[in-house]
1. Any idea how many residues of the range B:77-97 are facing chain A (nearest Cβ under 7 Å) and free of Cβ contacts under 8 Å to residues at least 12 places away in the same chain?
2. Cβ contacts < 9 Å: first residue under 15 Å from A:Leu203 (Cβ atoms), restricted to the range A:5-16; second residue of a type in the set (Val, Ile, Thr) and part of a helix (DSSP H, G or I), any location; separation 6+ or different chain. Result?
3. Part of a loop (DSSP other than H, G, I, E, B) and closer than 20 Å to A:Thr186 by Cβ: does that describe B:Asp108?
4. So, in the range B:1-32, how many residues would count as being out of contact with any strand residue (DSSP E or B) (no Cβ under 9 Å at 6 or more places or on another chain), at the interface with chain A (Cβ under 7 Å from one of its Cβ atoms) and surrounded by fewer than 17 Cβ atoms within 10 Å (Cβ to Cβ)?
5. Out of the residues in the range B:114-145 that are assigned to a strand (DSSP E or B), small (Gly, Ala, Ser) and in contact with a Gly (Cβ under 7 Å, 6 or more places away or on another chain), which is farthest from the other protein chains (Cβ to nearest Cβ)?
6. Output the number of residues of the range B:122-176 satisfying the condition of being at positive phi and in contact with a helix residue (DSSP H, G or I) (Cβ under 6 Å, 6 or more places away or on another chain).
7. Please pick out the residue among A:Arg46, A:Arg108, A:Arg130 that is of a type in the set (Lys, Arg), out of contact with any Phe, Trp or Tyr (no Cβ under 7 Å at 6 or more places or on another chain), at the interface with another protein chain (Cβ under 7 Å from one of its Cβ atoms) and surrounded by fewer than 21 Cβ atoms within 10 Å (Cβ to Cβ).
8. Among the residues of the range A:143-162, how many are within 18 Å of the chain's Cα centre (by Cα), assigned to a loop (DSSP other than H, G, I, E, B) and either without any contact (Cβ under 8 Å) to a residue 60 or more places away in the chain or buried (at least 20 other Cβ atoms within 10 Å of the Cβ) (or both)?
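A short reminder: the numbers here are calculations on the coordinates, not readings from a lab. The structure displayed is predicted, hence computed values, not measured ones. Glycine gets a Cβ as well: all are built from the backbone with ideal geometry, and neighbour counts include every protein chain shown.
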Amino acid sequence: MTLTQHDIDREIAAEHAAYEKRVADGAPVEHQPRRDYAPYRSSVLRHPKQPPVTIDVSKDPELVELHSPAFGERDITEIDNDLTRQHQGEPIGERITVSGRLLDRAGRPIRGQLVEIWQANSAGRYAHQREQHDAPLDPNFTGVGRTLTDDDGRYHFTTVQPGPYPWRQHLNAWRPAHIHFSLFGTAFTQRLVTQMYFPSDPLFPYDPIIQSVTDDAARQRLIATYDHSLSVPEFSMGYHWDIVLDGPQATWIEEGR
Amino acid sequence: MTKIDTSRPETVLPTPSHTVGPFYGHALPFPGGGDIAPLGHPDTVALQGYVYDGEGNPLPDAFVELWGADPDGRVPQSDGSMRRDPSTGGFLGRNGVEFTGWGRVQTDANGHWSARTLRPGARGNSAPYLSVCVFARGLLVHLYTRIYLPGDEAALAADPLLERLDPARRATLIATDGPLGTYRFDIRLQGEGETVFLEFQ
């Protein structure tokens with residue numbers, strides 16, 4: 001039996017209803033997806049069944065996980081944050097500017113840390129050899145960027161609007177357009193890999209990956225805001241996306257969290 | 001929404017995690033990602049292993065990040081893990097004399113990974129260990145674990161994490177002696193012999 005969008009829609013609705021009931025019954029809000037989320041089939045054999053073992057970081061401030069690896073000017077080049085300038089010609093697509101701040105749970109900026117992004121081209125194709133989607137590659141677009149956050153925790157990328165693409169999990173499965181982000185905090189416990197989406201994408205309800213975040217408010221935090229003040233005249237559309245890293249860090253202990 | 005007002009702490013809520021998906025290979029791994037040890041350093045340890053799913057199949061689309069103290073137990077503060085060439089935009093590799101303590105290695109088509117780093121020194125109350133962060137297609141939130149090296153049984157017995165675990169689960173965090181003087185550390189995401197994964201609070 002071919003797995004259809006209708007099958008996945010029902011599973012997504014059931015997971016969402018189960019989450020809403022848990023919260024109504026007093027369970028805490030879940031800011032993160034559960035690793036066991038069957039509507040995203042690849043998770044089925046790849047999530048642990050044992051609960052994680054909890055480490056209370058306040059008992060040992062010396063844990064190496066409370067520190068983060070360092071990155072610096074040597075690890076990036078000047079045009080790494082401009083994905084439209086990495087080849088001889090201009091990539092095809094709508095140019096966009098994506099900017100925001102990298103913050104910790106206390107709202108403090110995370111300075112000088114590495115932000116890595118990767119994305120499909122404007123036709124919805126990744127420059128990756130195993131990609132099977134029959135959309136054109138763009139010889140002027142690789143879709144990989146890096147930058148370091150500034151003293152306000154701010155990052156800034158120039159790129160092109162990625163296209164949505166089909167992904168074969170089920171019949172007519174399409175991913176909403178997104179940019180992958182990889183982030184480091186001041187502690188290794190704050191590591192985050194996620195995806196940024198664009199406002200009002202009609203594919204959101206159908207996509208089990210964004211729907212794996214079952215909390216409605218948490219899911220909204222993955223969607224960038226159109227920001228006219230970031231749009232560059234005669235050049236690009238602007239999107240603002242602030243990122244908040246979870247996970248304990250050493251300084252919280254000092255402040256008596 | 002995603003413009004956060006830091007003057008209102010109740011609005012500063014975590015950004016959810018997502019899977020790395022299948023197509024990170026041209027973006028995140030970099031040449032020399034697992035060559036963390038400075039060249040010829042006498043405290044170099046070679047680590048290798050497989051990442052398996054719940055049916056025991058190796059994952060060809062996973063990567064691990066390793067992060068550890070130097071042999072004296074100090075936290076490395078050097079950048080330069082992924083040094084770049086400003087003229088070509090390519091990667092220069094590490095400089096071979098500094099120790100960043102951090103590396104990233106993807107599994108190959110056989111689900112196998114390997115890295116060379118320095119034997120970590122002890123910090124705080126813990127036996128020496130390397131912190132590991134696992135990412136894969138299908139994994140909606142990355143997983144933390146630790147690699148403890150075998151040998152110093154007294155230190156391992158006193159480790160605050162290991163002493164809380166039953167013996168079978170404890171063994172999943174301790175590397176074993178592999179061929180050619182390497183240490184073997186397999187990661188089982190699910191099922192029999194499931195690796196102990198950690199949550200920090």
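1. Result for the range B:77-97: 4.
2. Nothing qualifies.
3. When the stated conditions are applied, B:Asp108 does not pass them.
4. Adding up the residues that qualify gives 1.
5. So, considering only residues that are assigned to a strand (DSSP E or B), small (Gly, Ala, Ser) and in contact with a Gly (Cβ under 7 Å, 6 or more places away or on another chain), the one farthest from the other protein chains (Cβ to nearest Cβ) is B:Ser114.
6. Within the range B:122-176, residues that are at positive phi and in contact with a helix residue (DSSP H, G or I) (Cβ under 6 Å, 6 or more places away or on another chain) number 1.
7. None of the others qualify; the one that does is A:Arg130.
8. The total comes to 4.
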